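Participant: Shown below is the structure under consideration.
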Amino acid sequence: MSSEADVKFEIGHVLFIDIVGYSKLLIHEQTEQLQKLREIARATNQFRAAEGEGKLLRLPTGDGGALVFRDNPEAPVGCALEISKALKNYPDLRVRMGVHSGPVREVMDLNEQANIAGAGINMAQRVMDCGDAGHILLSKRVADDLEQYGRWRPLLHDLGICEVKHGATLGIVNLYSDEIGNPEVPEKIKGGEIPREKPSAPIPRKSIAVLPFENLSEDKANAYFADGIQEEILATLSRIGDLKVISRTSTLRFKNAPDSISAIAKQLGVANILEGSVQKAADQVRVNVQLIDAESDSHLWAERYDRKLTDIFAVESDIASNIAEALQARLTGAERRAISSQPTTNTEAHQLYLRGRFCWNKWMGASMPAPEFDKSRQYYQQAIELDPNYALAYAGLADFYGFAFGFGLLPPEEKWAKAQEDNAKKALELDPTLGEAYNSLACDKLYVHRDWPGAERNFRRGLELSPNFAEMHAHYAMCLVLFGRNEEALAEMRRVLDLDPLSSRFGFTSARLFFFMRQYDAALDQYRKTLELDPGAAFAHEWFGDAYEKKQMQKEAIAEWSKALHLSGVDENASLLERTYAKSGFDAAVHALAQKRLERIKEKTARGEYVPAVEYVTAYMRLGDKEQAFAWLAKAVEERNRLAFEIKANPIFDPLRGDSRFENLLQKVFAPQ
């Protein structure tokens, strides 16, 4: 008897077919329809070619059968397309099809007849079982393979993760066009046997959103102070692991908004709302706060504080402690110490820090005006000059240098990398509980030192200390996808959107994540939803166009790229793109725009301005000049920034893949240091 180790499997590319409603047909109708289905299948080019080469296995079933193609993942899909076209002439023959690639083997059944078994067969049948008449459904594995071929991309429509037999889950993709397939969402996925999504989780009682505080100061320039107090209370609460705390960018949308408390809470997915006001005059401050149960609209706790500025941290700590008590949140000893700490005793340094945060937050908004970006650095630096032991100010500087250096806003010089690392380490030396600083250390470990294990240790430690810090969850998600850990990346991004559900920046990051994972339908859907929140984000329209391009939706891609150019103030390039597309087609339009961009970045370089090498790679690649693209790619991988890492996952660079130089150069980025 053969041992289990002797059983040999091969990867088969399986097309499973059956006749819908077969059991309800009369006997002679069953015979006729099976015969006709066999004739249609055998007449396809894919069937004949594979059979002629001896590379086809057949498994008949009572109401259909399976065809196993041995060496071509496109063959079962091509065969399904041919069958679907032929079936248009036989409207009474209602057929559904499923495709999966997996292990199969030839066996002998009890009648000593040749048969086929294996997970490849079973999973193809389960994929098919999700569909209705006319559907051609693919497993996500098959769809991912087909995404590499331009002719298939427009036909692929992601249906999400679905539960199939025995509680297993499968990613299902619907294949259709105007001529073949069934564009409708299958009934089982709509809400019956196979739910497309799990029901939304109940809102946890220990959840809170801190709405923007109203600035009641006579001097309206004190708006930074009211915003800063709200943000610091929010940051303090975020350190409590037993609470779900919504991030600032989502709550900011409700500044001066007329929405009811219950409506706001529903949109943010929380049970409780903290609202308040701040009035500052000279060295005196008044803070009014009230904690509200959103469902009953009743006050759980309220307080008014009239204090000197020197007491503001005690006020913030008291507010956080009272909220934790009212919501019955469990606090560890470390969390109690963290929320009662006093970051600085220098009130002027504190106000400079708050001004820095105010500028940083303005810059991190969709419009991203450059002056506020550098102003944040100046304010943090001034705060440190007044109080050299101000940990939060050092963390702010680390954020500044990490973001600017990582995204190519500063040249890849060692002094900027060192500024990020030194400031993050100084912040943690002064306050080891400051989870935010670990995000900057993770940046340094990965992008500068190319030490992924070290970066991941920093991510995990930072999230232990600040479990509600959406920024770090988002950063970790984007790093995970670069290393092929897609499911973990999606889990982190779900956490981000749970903590900051109305943030356009994280909405766009989520879409970008889907794009890097080549889930283009999900990316397009996320871009659409997020652009409703922030239609003026030029970079998002450009990324939206990139996703349309990958779906071969050229008209839509041109439209989004044009919007991005208009929003960026480059109207002449938008006009060029549109004119060239109308006159000469898509490729010519892409070429014309790439030529303009190359001219622009060459001008910047000639003026002595830093241009990330990746921009040259992209321009030359779009122009079809692979030699120059690879010459600049060699420079790009030497630049110690985030852009170099993203080359591996970004589908934009697909034209360079397959060339041995591409993989060899990427090894310089991803090889253990």
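Participant: Taking the highest mean first, how do the peptides 373-383, 581-591, 26-36 order by number of other beta carbon atoms within 10 angstrom per residue?
Facilitator: 373-383, 581-591, 26-36
Participant: Pairs of alpha-carbon atoms within less than 8 angstrom and 6+ residues apart define the contacts here; what relative contact order does the range 442-501 have, in percent?
Facilitator: Relative contact order for the range 442-501 comes out at 25 percent.
Participant: Quick one: of Lys85/Lys190; Lys140/Lys529; Lys55/Lys85; Lys555/Lys583, which pairs are farther than 18 Å apart, Cα to Cα?
Facilitator: Checking Cα-Cα distances, Lys85/Lys190; Lys140/Lys529; Lys55/Lys85 exceed 18 Å.
Participant: What do you get for Rg/Rh over the range 5-59 if you use C-alpha atoms and the Kirkwood form of Rh?
Facilitator: For the range 5-59, the value is 1.10.
Participant: Please compute, for the alpha-carbon atoms of the range 442-592, the extent along each of the three principal axes and give them in descending order in Å.
Facilitator: Sorted from largest, the Cα extents of the range 442-592 read 56, 31, 27 Å.
Participant: Under a plain spin-label model, where a point goes 7 Å from the Cα along Cα-to-Cβ, how far apart in nm are Gln290 and Glu10?
Facilitator: 7.5 nm
Participant: Working with all protein chains in place, sort Met553, Met128, Met123 by solvent-accessible area computed with a 1.4 Å probe, largest first.
Facilitator: Result of the area sort, largest leading: Met553, Met123, Met128.
Participant: Mind ordering 502-510, 598-606, 149-157, 71-79 by average Cβ neighbours within 10 Å, highest first?
Facilitator: So the peptides 502-510, 598-606, 149-157, 71-79, ranked by packing, come out 502-510, 71-79, 149-157, 598-606.
Participant: Further question: Tell me the relative contact order for the range 585-673 as a rounded percent, counting alpha carbon contacts under 8 Å between residues six or more apart.
Facilitator: With pairs under 8 Å counted, the relative contact order is 23 percent.
Participant: Additional query: Restrict the search to the range 442-483; then list the GluC sites (Glu not before Pro) that DSSP places in a loop and that have at most 16 other Cβ atoms within 10 Å of their Cβ.
Facilitator: none
Participant: If you average the sequence gap of Cα pairs under 8 Å that are 6 or more apart and divide by the length of the chain, what percent do you get for the contact order?
Facilitator: Answer for the chain is 8 percent.
Participant: So for the chain: antiparallel DSSP bridges make up what percent, rounded to the nearest 5?
Facilitator: 85 percent
Participant: Which FRET efficiency value, to the nearest 0.05, is calculated for Asp259 and Glu218 with the Förster distance at 30 angstrom and r the Cβ-Cβ distance?
Facilitator: That gives a FRET efficiency of 0.65.
Participant: With a/c under 1.5 counting as rounded, go ahead and sort the range 429-521 into rounded, prolate or oblate using the C-alpha gyration tensor (a ≥ b ≥ c being the square roots of the eigenvalues; past the cut-off, prolate if a/b is larger than b/c, else oblate).
Facilitator: oblate
Participant: Still on this structure, I have one more. Can you pull the Kirkwood radius for the range 521-673, inverse mean 1/r over Cα pairs, to one decimal in Å?
Facilitator: 16.5 Å
Participant: Cβ neighbours within 10 Å, averaged per peptide: list 130-140, 345-355 in order, most packed at the top.
Facilitator: In descending order of packing, they fall as 130-140, 345-355.
Participant: Probe of 1.4 angstrom, ligands and nucleic acids ignored: what's the accessible area per residue over the range 183-336, in square angstrom?
Facilitator: Value for the range 183-336: 48 Å² per residue.
Participant: Can you send over the carbon and sulfur percentage of the accessible area for the chain, probe radius 1.4 Å, protein chains only?
Facilitator: Accessible surface attributable to carbon and sulfur in the chain totals 49 percent.
The values are calculated or read from the model by the stated rules, or taken from the named source; none is laboratory data. Quick caveat, the model's predicted, so the values are computed rather than measured. Methodologically, a virtual Cβ is constructed for each residue, glycine included, from the backbone with ideal geometry; neighbour enumeration extends over all protein chains shown. Note: areas computed on protein heavy atoms with side chains; ligands, DNA, RNA excluded. Shrake-Rupley method; radii C 1.70, N 1.55, O 1.52, S 1.80 Å.
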